[in-house]
Amino acid sequence: MTNPPGPVWPIREAVLVCVGPGPDSEKLVRRAARRANQTGAPWHAIVIETPSMLALPESARARILGILHMAQEMGAKTATLTGQGAVEVAIAYAREHNLGTLLVGRDRYRRLPWQHGFAEKLGRLAPDLELLQVARDDEEPGTTQSRFVPKAWPSRLAWRPYLWSFLVVALVTAGSAPLHDHLDLANIIMIFLLTVVFAAVRLGRGAAALAAFLSVESFDFFFVPPRFSHAVHDAQYLVTFAVMLTVALVVGQLTAGLRFQASVASKREQRMQALYEMARDLSSALNLEQIVTICQRFIKQGFNASVTVFVPGLEEQLTLAEGSARLEAVDVGIAQRCFAQGQSIGLEMGMIPSSHALYVPLKAPTRRCGVLAVVPDDQTWELPLEQKQLLDTSASLIAIALERVHCVILARDAQVSMESERLRNALLSAISHDLRTPLTVITGLTDAMRMAIPALPEPHASLACAVRDEVARTTTMVNNLLDMARMQMGNIVLNREWQTLEEVVGISMSGCTPLLAQHTVRIELPADLPLLELDTGLMGRVFHNLLENAAKYTPPGSQITLSAHQEGDSVQIVVADNGPGLPPGMEKELFEKFTRGKMESTVGGFGLGLAIVRSIVEAHGGSVWAENGPEAGARFVLMLPVGHPPTIPEEF
Amino acid sequence: MTDDQSPTILIVIIEDEPQIRRFVRAALEAEQYVVVESATGARGLIEVGTRRPDLVIVDLGLPDMDGLDLIRDMRVWSNLPILILSARSNEADKVKALDQGADDYLTKPFGVPELLARVRALLRRLVRTHADEAPTVRFGEVEVSLAQRAVTRNGKNVHLTAIEYRLLAQLVANVGRVLTHRTLLRDVWGPNQSDNTHYLRVYMSNLRRKLEHDPNVPQHILTESGVGYRLVLSQDE
């Protein structure tokens, strides 16, 4: 950034909280989250990696990163920044992101007059920012047990740099000793300082400090007269020692600090590079298999571990992702638990001690889309915090890639089913057209014959009438067959509308008029029936078939009654007749395809009518059954759910 | 139509199926109409443009062009009655065709009596609009006088709400003709209610209760499944 960002322009509330090593960081984050939620404001949580913070023990840094993670889960935008002064970095961040309010802990008492607290410094340097100081808990630092303190990471005994440091100083002393007569003592000091710088650059902070002390010691012992003694003739040398020690320590510490920061930066860059490469690869992945391959490669390179990817199948049960090998150490049960809880478990996470794998949930914005089971290649595998963060970040990237592929599949499936639906409809329309055209022609031609002037003589006139009736029956059968085919070929797509029952019944009645000519039909529909959400065409077919059925299987002159009433959440509709009733034991079978009440009957039909009735009623979420009435005749009973009928505005 | 005093009535049939054309022609010619056949939409448009018929019968499933396009084209320059023939599988097209200006429809397979009834109703409406008489209609026990805004049943006044009356007035003004849900909703409730077909159903049910002899088996205010409603004056139509 070449230009520092201008002062904050407070268009809306936005909160920034800095997470530091202090004991109240966790409380600060919670307070910031509460405040942001109350006002609906966005909030950011940042960690500033200053040299002093980098020098903290790993457990303290783990705690800070843990709190940052918590802030992220609570909805904060988080960032890790680097800089020399925390105050300056925080102000620059606030201005850059236009965050008007800074939440900080109350300053501790001043130890020394020139020590200024974080809040005080902020106030002085950035008068445009609003500062909120959060009350401090009166606990001794160190007694606060945060739940974010993980077990201490096992650290190898790092004695090697110190040995090297010792050897280097010894070597330099041995090398310089012969030069004692030719060189000024001042130059010898310079050689030792150079040694300290070397130790700082190559061996680290502690080794540099050791080198500083050893240098002063050896300078005193080997070079300052009297030589080979700690005694000093000239008291002025004491000043020399003091200055030399100070300079050596300061130079050593600065150099080591810089080197440490550089190495941190380069590691971070490596992580970013790896993430960037994975993100790039993932963005071009087209299917699950590719994502799994990328994921395996990345985990292998970045973490020296193998990975198994699980994706949710039916009913959220995890299954192995395509192209992912099942590793021996991986337990599907634990993976399932990880998926359900949405938290990493296993290995270092302290939850399942005997586990040999780490399970990381893959969380996409809209849903959880799987679990990553990471199995380390060697037993002494460790996951430093930064790596853990990297793993989490890569898990989100993988999750988003999986989500994208999932959406692609959904869209493709939708398209395929749309296409097959279209084909199906086209096919049925074609068949229906081809079957109906001759029926139309025969109907029309027989009508023309019947209505011819002069009228046809008998018996030709009644023959024409018979043809006309047969055509009507064939038409009904074709309609039934086509309906059944339509229902068998795919899911019934209901075109539901809020409808009055009397209208549906009315439609079926008008279609049945010739069939019912020899029967009496009574319709008993109360005026207060609720509206029902029905597919008018299909439901009309149901009543048509039931009425037709009743007319076919009862002798002429019988009475057919269609009645309805509301029963709780359902409307019960009964089509009853006073005919011979159903053959006992046939009540269920009647609704099967190609089943007819009387096998050797002169009544025409395929036995499809009731099967169609059942399919349609069940598609509406209702049920249908047949029984014999209390007195005589058959009863067909339909139960249809009422649902939530819309209200009709009252007319005024 | 023996009582028809007007000169010859010309009807154009646009239908690709020769057998259907044949019997429709036979049926219409038996009623003294003059019939012109056309097997394609393009040819049909030319026939309609040059011969100026009194009525057009159009099949929706034409091989050379979409029946809907044909109707739209015709409606641009002509107001003549259009009767559509449709197979049961293209219900949606049928409603679209009616919304675009077709006047009535027949679903295949249809009988000759139905065909003749529809043709007569359409032609009569044509005559009436020419005569521009004040419509007073009677059906069953009911008499509706649009001029006086009066509805009586067996001579007694029937109280209708404002919406019920507007609905009835639309049906009466279009006697014998099918009115689609969309048309009725637009004309009675206004353009913003075109999805609320259940309003229509509830008010139709009220109207039937007030005007029909047996509202469960309506004789006059008929439902056209999936399409709309139609008012018929007597059962032989």
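The values are calculated or read from the model by the stated rules, or taken from the named source; none is laboratory data. Bear in mind that the values here come from a model prediction, so they are computed numbers and not experimental data. Here the Cβ is made from the backbone with ideal geometry for all residues, glycine too, and neighbour counts use every protein chain on show. SASA here: full protein model, heavy atoms, side chains in, ligands and nucleic acids out. Shrake-Rupley method; radii C 1.70, N 1.55, O 1.52, S 1.80 Å.
Screening A:Leu546 against (1) in a strand (DSSP E or B); (2) more than 14 Å from chain B (Cβ to nearest Cβ) leaves a single unmet condition, (1). Taking the stretch A:538-556 as the range and being open to solvent by 10 Å² or more (accessible area, probe 1.4 Å), free of Cβ contacts under 8 Å to residues at least 40 places away in the same chain and within 11 Å of A:Asp577 (Cβ to Cβ) as the test, the residues that pass are A:Ala551, A:Pro555.
Residues that are part of a helix (DSSP H, G or I) and not polar (S, T, N, Q) do not occur anywhere in the stretch A:366-380.
The set of residues in the stretch A:106-130 being at pLDDT 80 or above and either part of a loop (DSSP other than H, G, I, E, B) or outside the structural domain of A:Ala45 (by TED's automatic domain parsing) (or both) consists of A:Ala126, A:Pro127, A:Asp128, A:Leu129. If the condition is being surrounded by 14 or more Cβ atoms within 10 Å (Cβ to Cβ), more than 15 Å from A:Ala135 (Cα to Cα) and at pLDDT 70 or above, then the stretch A:5-17 contributes A:Glu13, A:Ala14, A:Val15, A:Leu16. In the set (1) surrounded by 13 or more Cβ atoms within 10 Å (Cβ to Cβ); (2) more than 24 Å from the chain's Cα centre (by Cα); (3) not charged (D, E, K, R), A:Gln301 fails one condition alone, (1). The set of residues in the stretch A:479-499 that are in contact with a strand residue (DSSP E or B) (Cβ under 8 Å, 6 or more places away or on another chain) and not aliphatic (A, V, I, L, M) comprises A:Asn495, A:Arg496, A:Glu497, A:Trp498, A:Gln499. None of B:Val158, B:Val178, B:Val232 is away from chain A (no Cβ under 14 Å) and open to solvent by less than 40 Å² (accessible area, probe 1.4 Å) except B:Val158. Screening the stretch A:66-105 for residues that are small (Gly, Ala, Ser) and in a loop (DSSP other than H, G, I, E, B) and picking the one that is surrounded by the most Cβ atoms within 10 Å (Cβ to Cβ) gives A:Ala76.
Only one of the numbered conditions (1) touching a residue at least 40 places away in the same chain (Cβ under 8 Å); (2) closer than 25 Å to B:Ala26 by Cα; (3) of a type in the set (A, V, I, L, M, F, W, C); (4) within 13 Å of chain A (Cβ to nearest Cβ) is violated by B:Leu70, and that is (4). Residues of the stretch A:224-238 that are in contact with a Phe, Trp or Tyr (Cβ under 7 Å, 6 or more places away or on another chain) and open to solvent by 50 Å² or more (accessible area, probe 1.4 Å): A:Phe228, A:His230. Hey, does the stretch A:482-504 have a residue that's buried (at least 21 other Cβ atoms within 10 Å of the Cβ) and of a type in the set (A, V, I, L, M)? Yes, there is a match, as at least one residue in the stretch A:482-504 is buried (at least 21 other Cβ atoms within 10 Å of the Cβ) and of a type in the set (A, V, I, L, M).
The residues of the stretch B:193-221 that are facing chain A (nearest Cβ under 7 Å) and in contact with a Lys or Arg (Cβ under 9 Å, 6 or more places away or on another chain), listed by number, are B:Thr197, B:Pro215, B:Asn216, B:Pro218.
The residue pairs whose first member lies in the stretch A:573-591 and is within 16 Å of A:Gly557 (Cα to Cα), whose second member is modelled with pLDDT under 80, and whose beta carbons are closer than 7 Å, counting only pairs six or more residues apart or on different chains, are A:Asn578/A:Ala632; A:Gly581/A:Ala632.
Pairing each residue of the stretch A:524-537 that is surrounded by fewer than 17 Cβ atoms within 10 Å (Cβ to Cβ) with any residue that is of a type in the set (Gly, Ala, Ser) and at pLDDT 85 or above, provided the two are 6+ apart or on different chains, yields C-beta distances under 6 Å for A:Glu524/A:Ser563. Among the residues of the stretch A:217-226, those that are in contact (Cβ under 8 Å) with a residue 24 or more places away in the chain and of a type outside the set (A, V, I, L, M) comprise A:Ser218, A:Phe219, A:Phe222, A:Phe223. Going through the stretch A:450-461 one residue at a time, which ones are more than 10 Å from chain B (Cβ to nearest Cβ) and either of a type in the set (Asp, Glu) or not in a helix (DSSP H, G or I) (or both)? Within the stretch A:450-461, A:Pro454, A:Ala455, A:Leu456, A:Pro457, A:Glu458, A:Pro459 meet the criteria. When the stretch B:11-35 is filtered for residues that are away from chain A (no Cβ under 14 Å) and surrounded by fewer than 18 Cβ atoms within 10 Å (Cβ to Cβ), only B:Val34 remains.
Residue by residue, here is whether (1) open to solvent by less than 80 Å² (accessible area, probe 1.4 Å); (2) away from every other protein chain (no Cβ under 13 Å); (3) without any contact (Cβ under 8 Å) to a residue 40 or more places away in the chain holds:
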site	(1), (2), (3)
A:Ile409	yes, yes, yes
A:Arg412	no, yes, yes
A:Gln415	no, yes, yes
A:Glu419	no, yes, yes
A:Leu427	no, no, yes
A:Ala448	yes, no, yes
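Checked against the criteria, A:Ala464 does not count as open to solvent by less than 60 Å² (accessible area, probe 1.4 Å), assigned to a loop (DSSP other than H, G, I, E, B) and without any contact (Cβ under 8 Å) to a residue 40 or more places away in the chain.
Selection over the stretch A:246-291 of residues that are among the aliphatic types (A, V, I, L, M) and open to solvent by less than 40 Å² (accessible area, probe 1.4 Å) gives a count of 11. Just one of the listed residues (A:Gly444, A:Gly370) is touching a helix residue (DSSP H, G or I) at 6+ places or on another chain (Cβ under 7 Å), within 14 Å of chain B (Cβ to nearest Cβ) and modelled with pLDDT of 85 or more, and it is A:Gly444.
With respect to being within 24 Å of A:Gly83 (Cα to Cα) and of a type in the set (Phe, Trp, Tyr), A:Tyr237 falls outside the description.
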